[in-house]
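Structure first, then comments.
The values are calculated or read from the model by the stated rules, or taken from the named source; none is laboratory data. From a predicted model like this one, the values you see are computed outputs, not experimental measurements. Using ideal geometry, Cβ is built from the backbone for each residue, glycine included, and neighbour counts are taken over all protein chains shown. Note: areas computed on protein heavy atoms with side chains; ligands, DNA, RNA excluded. Shrake-Rupley method; radii C 1.70, N 1.55, O 1.52, S 1.80 Å.
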Protein chains: 2
Amino acid sequence: ESTAKVIDGKHVAKQIREEIGVEIARMKEAIGIVPGLAVILVGDRKDSATYVRNKKKACEAVGINSLEVCLPENSTEQEVLNSITKFNEDPSVHGILVQLPLPSHMNEEKILNAVGIEKDVDGFHPLNIGRLAMRGRDPLFVPCTPKGCIELLHRYGIQIKGKKAVVIGRSNIVGMPAALLLQREDATVTIVHSRTNNPEGIIKEADIIISAVGQANMVRGSWIKPGAVIIDVGINPVEDSESPRGYRLVGDVCYEEVAKVASAITPVPGGVGPMTIAMLLSNTLSSAKRIHNFD
Amino acid sequence: ESTAKVIDGKHVAKQIREEIGVEIARMKEAIGIVPGLAVILVGDRKDSATYVRNKKKACEAVGINSLEVCLPENSTEQEVLNSITKFNEDPSVHGILVQLPLPSHMNEEKILNAVGIEKDVDGFHPLNIGRLAMRGRDPLFVPCTPKGCIELLHRYGIQIKGKKAVVIGRSNIVGMPAALLLQREDATVTIVHSRTNNPEGIIKEADIIISAVGQANMVRGSWIKPGAVIIDVGINPVEDSESPRGYRLVGDVCYEEVAKVASAITPVPGGVGPMTIAMLLSNTLSSAKRIHNFD
Ligand SMILES: NC(=O)C1=CN([C@@H]2O[C@H](COP(=O)(O)OP(=O)(O)OC[C@H]3O[C@@H](n4cnc5c(N)ncnc54)[C@H](OP(=O)(O)O)[C@@H]3O)[C@@H](O)[C@H]2O)C=CC1
Ligand SMILES: NC(=O)C1=CN([C@@H]2O[C@H](COP(=O)(O)OP(=O)(O)OC[C@H]3O[C@@H](n4cnc5c(N)ncnc54)[C@H](OP(=O)(O)O)[C@@H]3O)[C@@H](O)[C@H]2O)C=CC1
């Protein structure tokens, strides 16, 4: 009796990757330029290595040239900065991505600020965030995960303008930019965070909910206004003895309950996750187009 | 039967100016430095000339050195940029302010971006706004009017953390930064704008309301939750045949009605207005302290 439409991020992401592939081929043929994405990985966290490998594969599949620098855990900040400078100056590189988290002895702010703003495909530079917040200004890049959330709403024809939207979570990489994007599209936005009193009551008013908290199954069916649209960014491991790895991944939203009340919902996995990488490819392509003035 | 406490911005601003005067004297005595504020006025709008004159007077009263450049309406963008560059390089200048609006043939964004970020006492640079939006980052300057609103809440001991706040209006200079500031202090913030459906319903939920719309008496008594706190930024002329000028100034909030329901409210004039200039002086002092490493 689950009635919500499933917002199929995996399918949409595939479609977007195909569109990107076509554009990349067109650009290559017209001006001989292939977009390039450089990834800097510091240390040997397994999860980070997996993310970087997935990004690399995704780049190759659409025809983006992918470069990678792996630095040891005990590198100095200066060594990371040197890699960034090299890529800032390399005309074959159109996007630079520093895989987070960095080792704790490094100053993340300083390192991220070193990425040239015109190659900041993650969109995390404060100048990009400032422009995202300001009316009449446009960021060069929009952060990938929130951009993916909005793209899903667009591709499913869900109206944003004039709707009440609640974003749960206010991180720099998801919640806050997601709220700014919804606001730019004329939603009336409320941000709910860990200090919010009575979050259920606020969430229950929302026509559109984007959740980026990191708490398994936190958002219950009874918190949802019938017909609301749910974008679940959360990726949370829960124990599962039936799974070969001993755990499985769930969202912030209790899917079984909420799918009975909502009009549309993203699954986890297969919702926002695949969109994030698709948006990274999209940002890299836009960057190459902008740098080479190709339309 | 008006029961709300009046939040007396005029009084608080005077107090702040006195505190600033003391600090300036202390700095001068200790390191021989006097803060300097440079104002660039382009064209001959009467209201702009008045604002600039008021800022100049306020500077002099607290001991800030004030410099002024007046350029004719038909100046080129380059001439304005040249003045900015001169002040960026002038070590006696710690704050630079370009009086808005600029003549329509000029690119406001380009001109504002030319102000060195460490002298951007208006806090309008997108890099400052980005840092204001981001957790774990701090802007060098907070825009004066929203900073004045929050300062009033602080000085009247009004708790922000955990409260529901509604900001009406989302301009770059007031509404949007006011929302970011409330959020930094852990309020749960909703921004209401011209595309919001049923604004009354949303406003009625708020514990704290900051209104920056520019519509005389728009917010009615019936829109207010009993006990809410109201900061009225609006400055709107309404016809008044009894006034010598033929008009008087009112806020966005219908004071007579709302003062019967709210627990505290700023009057117009004498609420937020005087705080704006006080915050400009405060930003200029902080800038001089930062540049000269004085604490
Ligand atoms: N699909 C994808 O591609 C991506 C998925 N993610 C996933 O999204 C989730 C969020 O990631 P991220 O934004 O980086 O996380 P952060 O930990 O940086 O931020 C979490 C936010 O949730 C808020 N929060 C915590 N507990 C509660 C609560 N009980 N009620 C309301 N709000 C709460 C926090 O509030 P406060 O600010 O007050 O502390 C904070 O703002 C994670 O599960 C992550 O794995 C992240 C990035 C990409
Ligand atoms: N006290 C002081 O020192 C200062 C006072 N002011 C005063 O504050 C007021 C606002 O100034 P400013 O921010 O520059 O104005 P703007 O005109 O730049 O912004 C007005 C905002 O109000 C919104 N709005 C318009 N109509 C409505 C409505 N009916 N319901 C809800 N929202 C609405 C607009 O929405 P949308 O974005 O959808 O168009 C916009 O975001 C003015 O009266 C101004 O004089 C300003 C600066 C300093």
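Quick look at the numbers
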quantity: Within the stretch A:224-238, tally of residues that are within 14 Å of chain B (Cβ to nearest Cβ) and open to solvent by less than 10 Å² (accessible area, probe 1.4 Å); calculated: 0
quantity: Residue within the stretch B:69-85 that is closer than 19 Å to B:S282 by Cα and either open to solvent by 60 Å² or more (accessible area, probe 1.4 Å) or not in a loop (DSSP other than H, G, I, E, B) (or both) present; calculated: no
quantity: Residue in the stretch A:1-22 that is more than 22 Å from A:M279 (Cβ to Cβ), open to solvent by less than 10 Å² (accessible area, probe 1.4 Å) and of a type outside the set (S, T, Y) present; calculated: no
quantity: Residue within the stretch A:181-188 that is within 16 Å of ligand 2 (Cβ to nearest atom) and basic (K, R) present; calculated: yes
quantity: Of the criteria (1) closer than 25 Å to A:D138 by Cβ; (2) assigned to a strand (DSSP E or B), which one A:S66 fails; calculated: (1)
quantity: Selection count where residues are on the phi > 0 side of the Ramachandran plot and within 16 Å of ligand 1 (Cβ to nearest atom), scope the stretch B:163-200; calculated: 1
quantity: Matching residues in the stretch A:135-172 - criterion: being at the interface with another protein chain (Cβ under 10 Å from one of its Cβ atoms), open to solvent by 10 Å² or more (accessible area, probe 1.4 Å) and farther than 19 Å from A:L285 by Cβ; calculated: A:R135, A:G136, A:R137, A:K161, A:G162, A:K163, A:K164, A:R170, A:S171, A:N172
quantity: Positions within the stretch A:173-223 being among the hydroxyl-bearing types (S, T, Y) and buried (at least 20 other Cβ atoms within 10 Å of the Cβ), in sequence order; calculated: A:T188, A:T190, A:T196, A:S211
quantity: Unmet requirement for B:P126, which otherwise passes all of (1) surrounded by fewer than 23 Cβ atoms within 10 Å (Cβ to Cβ); (2) away from ligand 1 (no atom under 16 Å from the Cβ); (3) within 13 Å of chain A (Cβ to nearest Cβ); calculated: (1)
